[in-house]
Amino acid sequence: MFPAFLEKFSQCCHKSVASRTERIQLRLKCIMILVIVTFLSILTVSASETNVSCVYTENCVLPCTFLGGDEVIIKYLYLGKSLCVHFFYDNKDDLKAQDERFRNRTSLFKDQISRGNTSLLLRRVKIEDEGAYECTVSSTTGMKRSIIYLRVYAPVSEVSISQEGNRITCSSEGIYPEPELTWSTSPPSNMELQDRTRVQQTEEQLYSISSSLMVSDRDPDLSYSCTVRTQRNQKTAVVKQQTASAGDHSQTIHCDVSNISVTDLIWTFNHSQLILKQMRNDVTVSEAWRKHVKEVSESGSLTLKDLTSDQEGVYTCEASDAEETRITHILLRVNQEKPSSVRSILVAVILVSLVAVALVLLVLYCERKRR
């Protein structure tokens, strides 16, 4: 459209004329044509910028639109390295020049191109996809250039926390961009938390972070919180020590679920043996513990029955919601069986009877000896 128009403009402006009046008229005509061309260029060649955030491994749409028209040509470039991402010409994809890293991962919404939608679907987003993309669309109505800045993030999905002796370890993995990890106590404590934090990055450019903390026995009532956060989200894991004693063969042990709405719940025994798992409202009790689990309350507390010394040990409750995980360790001691009152009375009567019989025999023995 414009090249032919500009060619006529050039021929017009370089046309040979004789009179001074004609030269002035020609110059005015050229100026007017130049103004019109400039104005039309502004109207038909425009640029826009858009920011898009996408989740790692999920599909993502790079938005791009135009005013419509025929003979549509669409080209996507990854700027910086000038890589061909996608090319559409003559009503079909032309991917001969597509860079290998985008192979089998891009597609247009072809049924919507006629309505002005030239957005690109990018599948299975990678960290290396982050950066600036250029979408250029040309048609019989003009040309439009759009810049899309793609940010990729992998949210903090889970924080694991465990305790062995006086060492608490907290970790999380599969995160992008680089996260930070902080420790805190509840209630707040003036003691300085000496921790060691290590951050590593995988070949996929994802981050893993871990930290260990040495705690003191002087404050057994403290709970320790580990928070892993990025600019996008954060999650917290909490560990707390409790002690409980079971009598009469049954005991309810409580889970620390303060300030969270429990969606997932896991109870384990001695750090490895699964007791039960609750996902939403679906509770599954392991075969080995069905005879000991009496009930689970809405707050996550576990009531056990028919306890013996075999069930004495550390019970761990892991309660989670969308943002936080709280872990509570409870040391349960099972008291020895207490005799019933009837049995106690019976034993006492027997003992008294034996003592009485012994006294009678002693008296008889003494009297016989005197004779």
query = Quick one: how many residues across the stretch 119-147 are outside any strand (DSSP E or B) and at positive phi?
reply = 1
query = Is the stretch 283-296 home to any residue that is in contact with a Cys (Cβ under 7 Å, 6 or more places away or on another chain) and modelled with pLDDT of 90 or more?
reply = no
message = Can you say whether Leu77 is at pLDDT 95 or above and in contact with a helix residue (DSSP H, G or I) (Cβ under 7 Å, 6 or more places away or on another chain), as far as the supplied structure shows?
response = no
note = Per the filter on the stretch 235-286, residues out of contact with any strand residue (DSSP E or B) (no Cβ under 6 Å at 6 or more places or on another chain) and acidic (Asp, Glu) are Asp248, Asp282
note = If we ask which residues in the stretch 282-300 are in contact (Cβ under 8 Å) with a residue 12 or more places away in the chain and surrounded by 15 or more Cβ atoms within 10 Å (Cβ to Cβ), their number turns out to be 6
ask   = Within the stretch 190-220, how many residues are outside any strand (DSSP E or B) and in contact (Cβ under 8 Å) with a residue 12 or more places away in the chain?
value = 11
Conditions (1) out of contact with any Leu (no Cβ under 9 Å at 6 or more places or on another chain); (2) surrounded by fewer than 12 Cβ atoms within 10 Å (Cβ to Cβ); (3) modelled with pLDDT of 95 or more; number of the one not met by Asn51 = (1)
key: Candidates Val159, Val152 - the one that is in contact with a helix residue (DSSP H, G or I) (Cβ under 6 Å, 6 or more places away or on another chain) and surrounded by 17 or more Cβ atoms within 10 Å (Cβ to Cβ)   = Val152
query = Under 6 Å by Cβ, and 6 or more places apart or on different chains, what pairs join a residue from the stretch 252-281 that is free of Cβ contacts under 8 Å to residues at least 60 places away in the same chain with one that is part of a strand (DSSP E or B) and acidic (Asp, Glu)?
reply = Ile266/Glu318; Met279/Asp264
query = Is one or more of the residues making up the stretch 246-269 modelled with pLDDT of 90 or more, exposed (fewer than 13 other Cβ atoms within 10 Å of the Cβ), under 26 Å from the mean Cα position of the chain (by Cα) and assigned to a strand (DSSP E or B)?
reply = no
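The values are calculated or read from the model by the stated rules, or taken from the named source; none is laboratory data. These numbers come from a predicted model, not from an experiment. Virtual Cβ from ideal backbone geometry, glycine too; neighbours counted across all protein chains shown.
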